[in-house]
Amino acid sequence: MIISVASGRGGSGKTTVATGLALALQSAGRQLGVNRLVFIDCDVEMPSAGHTLRPLVRRQRPVALMLPRVDESLCTHCGHCAEVCQFGAIAVVDEKVMVFPRLCRGCGSCSLECPENAIGEEPHRIGQLSEGRVGSIRTYQAELEVGSSQIGNVIRQTKARAMQRAENAVVILDSPTGIATPLVNALRGSDYAILVAESTPLGLASLRRAVMLAHKQLDLPVGVVINRDSDGYDGIAAFCDENDIPILMRIPPDAQITSATLAGRPGLVGEAYREALLAVYQRIAAEVAP
């Protein structure tokens, strides 16, 4: 089962909830039938779950994209490679083939369609994947290479690597912040999406967009965690009630959570938070169970 934790904006507490859920399941998951745990940090532009979980990193490997390499001795400069490229990543100008790595998506069309077999492929580094462990949790954290725009490719490759070893595991996936294509890449294949929102009008606006993407477009079951829940604002609760979206958990304003997060420690600690997070998992498991 893959449970993704997402939010429409940064600073909402998404990673705090994702890491808290993973640690709660680590401590008491066997009582609920959770024998294997995998944590994937797909917030590749600003991965931060590792600062909280502090895994023992056992392996690091580059994340690469296969880019076209042109053999000019074979190329006739017919321009067919540029015609088949849907991303404008290759052009033929004055009998010279030009490749634009920032535009290329590594689809391989130019290589497959070249009538002279003049185009091969070579790896181009776009990120780094760190694999580790914290207790019984396998962790996967990817970081985008500086200057690279290949966010989606890094996310897809990270998920693919993690899922190779996730058979019969509960997977907690920390999604990218915001409502854009990287979030779509992260959420695809999930069984459930936990949407974290602050109890403010801005939090509600972000939640509306997140629900539209995860629930309406990707057809995922969703539930909401209200962070910094305030008695003075009930907009999120009203929205959830109107749209039949369950409120999975309410986290009150708590300076200790903020202090712990800033210090790189788990924020949702203590018996009360652990029991609440385990109840969240049980509710999700009951909903998505086959």
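When residues of the stretch 6-26 are filtered for being under 13 Å from Leu277 (Cα atoms) and either in contact with a Lys or Arg (Cβ under 6 Å, 6 or more places away or on another chain) or among the acidic types (Asp, Glu) (or both), how many remain? Working first, answer last.
Taking the stretch 6-26 as the starting set, the residues that turn out to be under 13 Å from Leu277 (Cα atoms) are 16-26.
Subsequent filtering for residues that are either in contact with a Lys or Arg (Cβ under 6 Å, 6 or more places away or on another chain) or among the acidic types (Asp, Glu) (or both) retains 24.
Qualifying residue count for the region: 1.
Selection over the stretch 211-228 of residues that are touching a strand residue (DSSP E or B) at 6+ places or on another chain (Cβ under 7 Å), farther than 20 Å from Ile40 by Cα, part of a helix (DSSP H, G or I) and not β-branched (Val, Ile, Thr) gives a count of 1. Can you confirm whether the stretch 250-268 contains a residue that is outside any loop (DSSP other than H, G, I, E, B), under 24 Å from the mean Cα position of the chain (by Cα) and modelled with pLDDT of 90 or more? Yes: the stretch 250-268 contains one or more residues that are outside any loop (DSSP other than H, G, I, E, B), under 24 Å from the mean Cα position of the chain (by Cα) and modelled with pLDDT of 90 or more.
The set of residues in the stretch 247-264 that are farther than 14 Å from Asp229 by Cβ and either exposed (fewer than 14 other Cβ atoms within 10 Å of the Cβ) or among the polar types (S, T, N, Q) (or both) comprises Ala255, Gln256, Thr258, Ser259, Thr261, Leu262, Ala263, Gly264.
The set of residues in the stretch 69-105 being under 29 Å from Val44 (Cβ atoms) and either among the small types (Gly, Ala, Ser) or not assigned by TED's automatic domain parsing to the domain that holds Pro115 (or both) consists of Gly88, Ala89, Ala91.
So which residues in the stretch 46-94 are touching a residue at least 60 places away in the same chain (Cβ under 8 Å), outside any strand (DSSP E or B) and closer than 18 Å to Asn153 by Cβ? Steps first, please.
The first filter runs over the stretch 46-94 and keeps only residues touching a residue at least 60 places away in the same chain (Cβ under 8 Å), leaving 46-47, 49-65.
Filter once more, keeping what is outside any strand (DSSP E or B): 46-47, 49-55.
The answer is Met46, Pro47.
The set of residues in the stretch 276-290 being assigned to a helix (DSSP H, G or I) and either farther than 24 Å from Ser48 by Cα or outside the structural domain of Pro252 (by TED's automatic domain parsing) (or both) consists of Ala279, Gln282, Arg283, Ile284, Ala285, Ala286, Glu287, Val288.
For the stretch 27-45, name all the residues that are part of a strand (DSSP E or B) and out of contact with any Lys or Arg (no Cβ under 6 Å at 6 or more places or on another chain).
First, pick out the residues of the stretch 27-45 that are part of a strand (DSSP E or B): 37-41.
Passing the criteria: Leu37, Phe39, Ile40, Asp41.
Evaluated against (1) touching a Leu at 6+ places or on another chain (Cβ under 8 Å); (2) at pLDDT 90 or above; (3) over 21 Å from Ala162 (Cα atoms), Leu32 falls short on exactly one condition, (2).
The values are calculated or read from the model by the stated rules, or taken from the named source; none is laboratory data. Given the structure is predicted, the values throughout are model-derived calculations rather than measurements. Note: ideal-geometry Cβ built from the backbone for every residue, glycine included; neighbour counts use all protein chains shown.
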